[in-house]
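Scroll down for the structure; my scribbles are underneath it.
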Amino acid sequence: MAAWFVPPVVSPLAPSVPADPAAFDPLHKWLGISPAEQPPTHYRLLGIDPFESDAEVIGNAADARIVLLKGFGLGERAALSEALLNRVAAAHGVLKDPEKRAAYDRTLRSREKSTQPIPRSTSKRRPKRKPPPAPVFASVTDGAPSPHRSSRRREKPPEPERQPASPRRATRVSRLPRRRRGVPAAAIPAAVVAAVIGASAIVWGIVSSASPEEAAEGATPVLTTADPASNESRSSEPPPSVPGMTPLVLSGHEGPVTGLAVTPDGRRAFSVSRDQTLRIWDGETGEQREIYPAGAPLTGLAITPDGTRAVFASNDGSLRRWDADAGEMTGWMLGHEGAVLDLTTTPDNQRAVSAGVDGTVRVWDLDSGRAIVLTGHGAAVNDVAVSPEGRRILSASDDGTGRLWEAATGVEERFFAGGGGAIAVARFTPDGRRAVFGGEDGAVRLWDLGTGRLQAEMSALAGAVEHLAVTPDGRRAITASADGPVRTWDLSAGRADRLFVPDEGAGPALCLLPMPDGRRAITGGSDGRIRIWHLSDGSEDRTLTGHADAVEQLALTPEGRRLISASRDGEIRLWNLPAASAPAPVDR
C-alpha cells in the first residue's frame, strides 16, 4: 500500500467524534486515552503529568509516543498513525518551549477554573535521567559533485526483528536522543488565546481534530528550534599541510554522522546522525540554527538541487521532509519495512528516491508524499542513482543484480547481472547513456543502457568496491574500499588506470568525491585525514588535517570551493578550499 503524506496542521473545526460509535478510536486503542479524556491536553497526549516542566521528561515521552505510533504506520490505518504522529509532534513543539508552555499552562488553568478539570495522566511520572557528560573533542590544529547527496560510508543498521542482508555492514545502536531546549518563541496574546479557546471548546478531537489548546497555540509539528546554548563554533589553528586554512568546527552531534549536505549557495549545511537528530547549520558562521529529534537513529540525508527541501531517513524505515519556505518539518513519509540504506533527490526538485533493506526502491512525490514502489530485487537495495535528466533510476542490490527503472511509472527497463556477490554501488555516466556498477567481487562493470550490453569488465584484484564515483567529463570512474586502495578506471579504454598511494600507515579511504573541475578527487580516510588527489598521475594535491577520528562523510558545493566533512566522533568541519597547489596535468 502506498504511504500517504499527512499535512501537519489539523483544523480545529474538524468533526469531533466518528459518526459511527463503533468506529476505531486510535487515541483509546493505541494510547489508552479514554473517550472521557478526549480531546486530550498536550500533557495527556504525551502520557505525562499536567504542567510537567522537565525538558528531558517531555522529550523522552514524545520519543516513546513516536516509536509506538510508527509501529502502526504500515497497516490499513497508516493515515491515522501519521495524523497522530503530527499531533504528538505539535504537542512536543509547544511543551518543549518554555514561553509557549507557560502560555499553554495559563490556558489550561483558566479552563480548569471556569469549565472542567484537567484530565490527568494515568501513567507514572517518568524519572529524570542523569544527563550524560558533554562530549569532549580533541583540540584542532588544522583542513561531484552533486550538492544534494552526501558521500558516505555505507552501513546497514539492524532492525528490531531482522538482520541486515549483508554482514559487511556495521551495527547501528538505537537509543533515545538527549534533548535540549529550543529558543523561546513569542507567546500569543492572552486575549487571542481566550477567544480561540472559546470558539473551539465544543470540539472533540480524536485524530482529524485539534483540541482547543492546539487551536490556541496554532501548533505545528516543528520538533525544535535553534538552541543558542548548543551553538558552538570554534576556530582551529591552521594545519601545517595547508598554511592559512582555518576550518569552522561544527560541534553538537553526540554520535557518528551518517549524512551530510550543503546548499548550492553554501549558506546552509545539513547533517544527520545516529544520535537521532537532524541539525541545520549556518554555512557562514558554523552556528547551529535548528535541531530536530527523529526518535530513531538516522541513516541518510538528501537535499534538492535548489536547496529548498531536505529529506532524511531512519533505520525504522520512516522518512521526513524539511521545507525552507515553511522553515519546519512538513510531514512523515512511511512505507519501507526496515532501514533505509540510501537516499537521493531528482533534478526537478520534486521527488526523492529511497532504497531499503526490504528490497524495494520508492519514488516519493515531495508535495503529496505518495510513493511509487519499485519491486523486483530479492534482497536489500544498497544504492540508488538518478539519471541526469531525472527520467530513470539505477539500483544496486545484495541479490547480485543492478536494475534500470522508469522513474515516472516504476517499470523495470533493464536487468544487469553481476559477476558474483552483492553489488554495492551504481552510477550513471554524465551523458546518461551508460551505467557503472561496483561490488563484492572487486570488479567495475560498464553497461550500455541503450543495448543492455556489457561494454567493459575491469578488475585489478583489489578488495570489494564500496564507494564509486564518475568524473564530470565521464572519462574515469574512481573507486575505494575498506580493504583496498583508491583507484581510477579509464572508461573509454575499459581498463584500470591510476593507483593512489597515500603515506605509509594511512589506512583505507572511507568516502570519496570527484571535484567539479574533473581533474581532482577528494577522499576521507580512516586516519582522520582528507586528501585531494590529482587524477592525471595519482599524486596528492594537498592533505587537510584536524579530525581526531575516521572521516566517513564528505559533501561539496557545486563549484567545489566549499567542503564539509564529518568524522566518526560526530565532529563536522567546514572548509574553504584553496585552488590547486599546482596546475593539474592535462591528459592528451
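Within the bounds of region 280-292, is there any residue that is part of a loop (DSSP other than H, G, I, E, B) and surrounded by 23 or more Cβ atoms within 10 Å (Cβ to Cβ)? No, region 280-292 contains no residue that is part of a loop (DSSP other than H, G, I, E, B) and surrounded by 23 or more Cβ atoms within 10 Å (Cβ to Cβ).
The single condition among (1) within 19 Å of the chain's Cα centre (by Cα); (2) on the phi > 0 side of the Ramachandran plot; (3) of a type outside the set (Ser, Thr, Tyr) that Gly400 does not satisfy is (1). Is it fair to say Ala313 is among the aliphatic types (A, V, I, L, M) and surrounded by fewer than 23 Cβ atoms within 10 Å (Cβ to Cβ)? Against the criterion (among the aliphatic types (A, V, I, L, M) and surrounded by fewer than 23 Cβ atoms within 10 Å (Cβ to Cβ)), Ala313 does not qualify.
The single residue among Leu27, Leu69, Leu108, Leu85 that is assigned to a helix (DSSP H, G or I), open to solvent by less than 40 Å² (accessible area, probe 1.4 Å) and modelled with pLDDT of 85 or more turns out to be Leu27.
Of all residues in region 550-576, those satisfying the criterion of being among the small types (Gly, Ala, Ser) and outside any strand (DSSP E or B) are Ala550, Gly560, Gly570.
Can you say whether Gly327 is touching a helix residue (DSSP H, G or I) at 6+ places or on another chain (Cβ under 6 Å) and modelled with pLDDT under 85, as far as the supplied structure shows? No: the conditions fail for Gly327.
Flag set for Ala506, criterion: more than 20 Å from Pro472 (Cβ to Cβ), open to solvent by less than 50 Å² (accessible area, probe 1.4 Å) and either among the aromatic types (Phe, Trp, Tyr) or in a loop (DSSP other than H, G, I, E, B) (or both). Residues that are open to solvent by less than 30 Å² (accessible area, probe 1.4 Å) and either of a type outside the set (Phe, Trp, Tyr) or in a loop (DSSP other than H, G, I, E, B) (or both) within region 38-53 comprise Gln38, Pro39, Pro40, Thr41, His42, Arg44, Leu45, Leu46, Gly47, Ile48, Pro50, Glu52, listed in sequence order. Selection within region 535-565: residues that are closer than 15 Å to Gly507 by Cα and aliphatic (A, V, I, L, M). The member of this set that is farthest from the chain's Cα centre (by Cα) is Ala548. Looking across Glu217, Glu290, Glu232, Glu237, one residue alone is modelled with pLDDT of 50 or more and charged (D, E, K, R). It is Glu290. Summed over region 539-573, the residues that are farther than 23 Å from Thr471 by Cβ and open to solvent by 10 Å² or more (accessible area, probe 1.4 Å) give a count of 7. When Ala493, Ala456 are screened for being over 30 Å from the mean Cα position of the chain (by Cα), open to solvent by less than 40 Å² (accessible area, probe 1.4 Å), modelled with pLDDT of 90 or more and more than 22 Å from Glu540 (Cα to Cα), only Ala456 passes.
Residues that are surrounded by fewer than 21 Cβ atoms within 10 Å (Cβ to Cβ) and touching a Lys or Arg at 6+ places or on another chain (Cβ under 7 Å) were ranked within region 521-536; the one that is farthest from Gly474 (Cα to Cα) is His534. Within region 468-503, the set of residues being in a loop (DSSP other than H, G, I, E, B) and small (Gly, Ala, Ser) comprises Gly474, Ala482, Ser492, Ala493, Gly494.
Check region 411-430 and report whether any residue there is open to solvent by 10 Å² or more (accessible area, probe 1.4 Å), hydrophobic (A, V, I, L, M, F, W, C), under 18 Å from Leu510 (Cα atoms) and within 24 Å of the chain's Cα centre (by Cα). Yes. The listed residues are Trp332, Trp405, Trp364, and the only one of them that is of a type in the set (Phe, Trp, Tyr) and farther than 20 Å from Gly259 by Cα turns out to be Trp405. Under the condition of being under 20 Å from Ile303 (Cα atoms), part of a loop (DSSP other than H, G, I, E, B) and open to solvent by less than 10 Å² (accessible area, probe 1.4 Å), the residues counted in region 242-274 number 3.
Restricting attention to region 366-382, does a residue exist that is part of a loop (DSSP other than H, G, I, E, B), on the phi > 0 side of the Ramachandran plot and either surrounded by 24 or more Cβ atoms within 10 Å (Cβ to Cβ) or under 15 Å from the mean Cα position of the chain (by Cα) (or both)?
no
Any chance region 443-454 includes a residue that's within 16 Å of Ala496 (Cβ to Cβ) and part of a loop (DSSP other than H, G, I, E, B)? Among the residues of region 443-454, at least one is within 16 Å of Ala496 (Cβ to Cβ) and part of a loop (DSSP other than H, G, I, E, B), which makes the answer yes.
The values are calculated or read from the model by the stated rules, or taken from the named source; none is laboratory data. Please read all numbers here as calculations on a predicted model, not as lab measurements. Positions of Cβ are backbone-derived with ideal geometry, glycine not excepted, and every protein chain shown enters the neighbour counts. Note: areas computed on protein heavy atoms with side chains; ligands, DNA, RNA excluded. Shrake-Rupley method; radii C 1.70, N 1.55, O 1.52, S 1.80 Å.
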